């Protein structure tokens, strides 16, 4: 196996970041289209006297939550792409197996804020320390086996 150069890893990082951005753009477009169509259906139902309001309101709330979670997933992809080290692996700055600190530079605050919908659901906790984003998986999470 050949050794990967720093320049090749930087190029890989750029590709991953571009892929995360492109995926995010498409997710946003699809979810925004859904929201617009739900609003149209709600307006048409109201105009025709059809009592769909409780269902439509719930659908809109779930769609808006889906948008927030999609934004959080996109932020996670961007954070992970940015964490790729010179060796092609993800750099990790924590001795705790349930925690990872990722250097995010000037984007740390923005990425941390974008990850809040996942924290609100208890999937992980998010904080910043300087320009690092710190992610921690809760003890009760079934998604991480540290043994």
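The values are calculated or read from the model by the stated rules, or taken from the named source; none is laboratory data. Please read these numbers as outputs of a predicted model, since none were measured by experiment. Glycine gets a Cβ as well: all are built from the backbone with ideal geometry, and neighbour counts include every protein chain shown.
Summary table
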{"quantity": "Selection status of residue 62, surrounded by fewer than 16 Cβ atoms within 10 Å (Cβ to Cβ), outside the structural domain of residue 136 (by TED's automatic domain parsing) and more than 30 Å from residue 136 (Cβ to Cβ)", "calculated": "no"}
{"quantity": "Filtered residues of segment 35-52 (kept if touching a helix residue (DSSP H, G or I) at 6+ places or on another chain (Cβ under 7 Å), assigned to a helix (DSSP H, G or I) and surrounded by fewer than 17 Cβ atoms within 10 Å (Cβ to Cβ))", "calculated": "35, 41, 45"}
{"quantity": "Residues of segment 2-14 that turn out to be part of a helix (DSSP H, G or I) and surrounded by fewer than 11 Cβ atoms within 10 Å (Cβ to Cβ), as a count", "calculated": "2"}
{"quantity": "Which listed residue, of 33, 82, 89, is under 14 Å from the mean Cα position of the chain (by Cα) and either modelled with pLDDT under 85 or farther than 25 Å from residue 131 by Cα (or both)", "calculated": "82"}
{"quantity": "Index of the failed condition, residue 128 passing every other in (1) at pLDDT 90 or above; (2) part of a helix (DSSP H, G or I); (3) more than 20 Å from residue 65 (Cβ to Cβ)", "calculated": "(2)"}
{"quantity": "Filtered residues of segment 105-125 (kept if in a loop (DSSP other than H, G, I, E, B), at pLDDT below 90 and crowded, with 19+ Cβ neighbours inside 10 Å)", "calculated": "124"}
